[in-house]
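Below you'll find the structure, written out as structure tokens, and then a few comments.
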Amino acid sequence: MKVPVHGDFSPRDTNIVKAVAVVMLLTHHLYMGVLPAPIDIANERLLTVIATLSKVCVATFVMLSGYGLAVSFKRREERDPVRFTLIHTLKLMWPYWLVYMIFALGAVFFGRPEYTPEAVYGTGVRGAAQALIEFLALRPIFRTATLNQTWWYMEAALVLYLTFPLIYFAVKRFPYIALPVAAVPVVLYYFLGNNDGWDSCREIYWFLPFAVGVFLAQRGLLDKFSARLRGRRGWAATCAVTAGFIACAFIRGLIGLAFDTVFALSLILFLRATLCRVPVLDRMAEYVGSRSGDIFLVHSFIYCYYVSQHRFVKLLWSPKLYVELSALPLLLILSLVCAEGLRLIRKVVVIKLPRE
């Protein structure tokens, strides 16, 4: 997703954070980061712990989306919020629709037998209906079949985008009511269902980081933090957010998903104070982050749903750690190649959207 930002927390900074988030996404999926909270860090494999904590990538992307939409809308609040929402929703969906068409067709030829469109959706009217539901990113609502389990996020993002005007004005006028209300689902998840099989892959759990992103934009808090880093005591702010990020990682291991909003915010601040200020690495990360949306959409096909999955199994099941770890850069490189291909296709297949 494109996240328009400006000011001291720039589009460059956003892309750098997104780069780290998308690498965390690949880590979470490749290395099966599914440990339930509380995590016994002392007795669990370190790679699995890191992969589990990397789940924070979802809250990070959601927070940046709320932040970016709010910054864009804040520039001219007198604009039609319905028109603004529809335009940005189309911008969200168009890359997904393109990837769906290309990779669904690819699955006919390259998909593992159980993951071809016919095997997944079935045939006839029922099969066509299931394919249409997934094309519209509504599969989690109807609990129908999916070509790519990772695409659950598209339904969550779609709901958040469509409800953006309501969230924006609620957070602006009644922040001390709106933010606690948005937190209710994750609080209930923690107390009633954290380790009891509740499905966390639904939009209801991501209203909080989205609303927090809107709150940060409305009050310019990330810009203010960025400005503080340029001051005389910038080093102190850097040390503080580094310590805070480490502490949040440990707390997240104890609490689980309910803490991801705080953990995501600590990650954003930590990266703004560190990686965003490292020459060369910042430019590399900015490039990866600018392709993060396409990487998210395609990476699961490469390591799981296509025949290439057999190659990744050999890497991931290797007794040699360095071989196992090689799966991560390999998946990132292959996903980047696909992202560049999609970028070229979109230059040819141009969809003109109305201006905001």
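So if the hydrodynamic radius of the chain is defined as the Kirkwood radius over C-alpha pairs, what does Stokes-Einstein give as its diffusion coefficient at 37 °C and 0.692 mPa s, in µm² per second?
Value of D from the Cα-based Kirkwood radius: 155 µm²/s.
Quick check: at a probe of 1.4 Å, how many percent of the accessible area of the stretch 261-356 sits on carbon and sulfur atoms?
70
Estimate the FRET efficiency between Ala119 and Asp199 by the formula 1/(1 + (r/R0)^6), using the beta-carbon distance for r and 35 Å for R0, to the nearest 0.05. The partial results should precede the final answer.
Numbers: r = 23 Å, r/R0 = 0.66.
Here the calculated transfer efficiency is 0.90.
Classify the stretch 84-129 as rounded, prolate or oblate from the Cα gyration tensor: take a ≥ b ≥ c as the square roots of its eigenvalues, call it rounded if a/c is under 1.5, otherwise prolate when a/b beats b/c and oblate if not.
Judged from the Cα gyration tensor, the stretch 84-129 comes out oblate (a/c at least 1.5, b/c at or above a/b).
Which helices of the chain meet both criteria: a Cα extent of 18 Å or more along the helical axis and a mean Kyte-Doolittle score no lower than 0.5, with helices taken as whole DSSP H segments? Write down the numbers at each step before the final one.
Working: long enough: 11-30 (28 Å, 0.67); 56-74 (27 Å, 1.56); 81-110 (43 Å, 1.27); 175-188 (20 Å, 2.01); 234-255 (31 Å, 1.59); 260-273 (19 Å, 1.69); 327-348 (32 Å, 1.58).
Membrane-span-like by this rule: 11-30, 56-74, 81-110, 175-188, 234-255, 260-273, 327-348.
State whether the stretch 196-254 is rounded, prolate or oblate according to the following rule on the C-alpha gyration tensor (a ≥ b ≥ c being the square roots of its eigenvalues): a/c under 1.5 gives rounded; otherwise a/b larger than b/c gives prolate, and the remaining case gives oblate.
Working: a/c = 5.95, a/b = 1.58, b/c = 3.76.
Oblate shape, in that a/c is at least 1.5 and b/c is the bigger or equal ratio.
With labels modelled as points extended 7 Å from the Cα through the Cβ direction, what inter-label distance (nm, one decimal) is found for Trp94 paired with Trp235?
Going by the 7 Å Cα→Cβ label model, 4.8 nm.
Could you pull out which residues in the stretch 235-277 have an amide N less than 13 Å from a spot 7 Å beyond the Cα of Ile41, following the Cα-Cβ vector?
So the set is 243-256.
Decide, for the stretch 110-157, between rounded, prolate and oblate: order the square roots of the alpha carbon gyration tensor eigenvalues as a ≥ b ≥ c, take rounded if a/c falls under 1.5, and otherwise choose prolate if a/b is larger than b/c, else oblate.
oblate
Within the set of other residues whose C-beta is less than 12 Å from the C-beta of Ile333, count the net charge using Lys and Arg as +1 and Asp and Glu as -1.
Every neighbour counted, the sum reads 0.
Given charges of +1 on the Cβ of Lys and Arg and -1 on the Cβ of Asp and Glu, with all other atoms neutral, how large is the dipole of the chain about its Cα centre, in debye to the nearest 20? The partial results should precede the final answer.
Details: 37 positive and 22 negative charges, 235 e Å.
That gives a dipole near 1120 debye.
So, taking all protein chains as they sit and a 1.4 Å probe, how much accessible area belongs to Phe109, in Å² rounded to tens?
150
Return one whole number: the accessible area per residue of the stretch 58-104 in Å², for a 1.4 Å probe.
36
Which Cα, out of Thr48, Val125, Pro209, lies furthest along the positive dipole direction of the chain (beta carbon charges, K/R +1, D/E -1)?
With unit charges placed on the Cβ atoms, the residue in question is Pro209.
Which value, in Å², gives the accessible area per residue of the stretch 127-270 when a 1.4 Å probe is used on the protein heavy atoms?
Ligands and nucleic acids excluded, the result is 47 Å² per residue.
Please state the relative contact order of the stretch 74-226 as a whole percent: Cα pairs under 8 Å, 6+ residues apart?
Across the stretch 74-226, relative contact order equals 21 percent.
Once you've got the GNM for the chain with C-alpha springs shorter than 10 Å, pick whichever of Met101, Met154, Met63 has the biggest mean-square fluctuation.
Judging by the Gaussian network model, the answer is Met101.
Along Cα→Cβ, 7 Å out, is where each label goes; now give me the distance between the ones at Ile246 and Tyr176 in nm to one decimal.
3.5
Report in % the part of the accessible area of the stretch 63-177 that belongs to carbon and sulfur, leaving out ligands and nucleic acids; probe 1.4 Å.
Roughly 69 percent, rounded to a whole number.
Take the Cα radius of gyration of the stretch 241-343 and divide it by 2.2 N^0.38 Å, with N its residue count; two decimals is plenty.
That works out to 1.30 for the stretch 241-343.
Calculate the dipole size of the stretch 285-354 relative to its Cα centre from +1 charges on Lys and Arg beta carbons and -1 charges on Asp and Glu beta carbons; express the result in debye to the nearest 20. The partial results should precede the final answer.
Working: 8 positive and 4 negative charges, 40 e Å.
Roughly 200 debye for the stretch 285-354.
Roughly how much of Leu325 is accessible, in Å² to the nearest 10, using a 1.4 Å probe?
Counting only protein heavy atoms, the figure is 70 Å².
About the Cα centre of the stretch 204-356, what is the dipole size in debye to 20, counting +1 per Lys and Arg Cβ and -1 per Asp and Glu Cβ, all else neutral?
Computed charge dipole of the stretch 204-356: roughly 460 debye.
The values are calculated or read from the model by the stated rules, or taken from the named source; none is laboratory data. Predicted model, so just to flag it, every value in this text is computed and none were measured. Quick reminder, even Gly has a Cβ in these numbers, built from the backbone with ideal geometry, and neighbours come from all protein chains shown. Note: areas computed on protein heavy atoms with side chains; ligands, DNA, RNA excluded. Shrake-Rupley method; radii C 1.70, N 1.55, O 1.52, S 1.80 Å.
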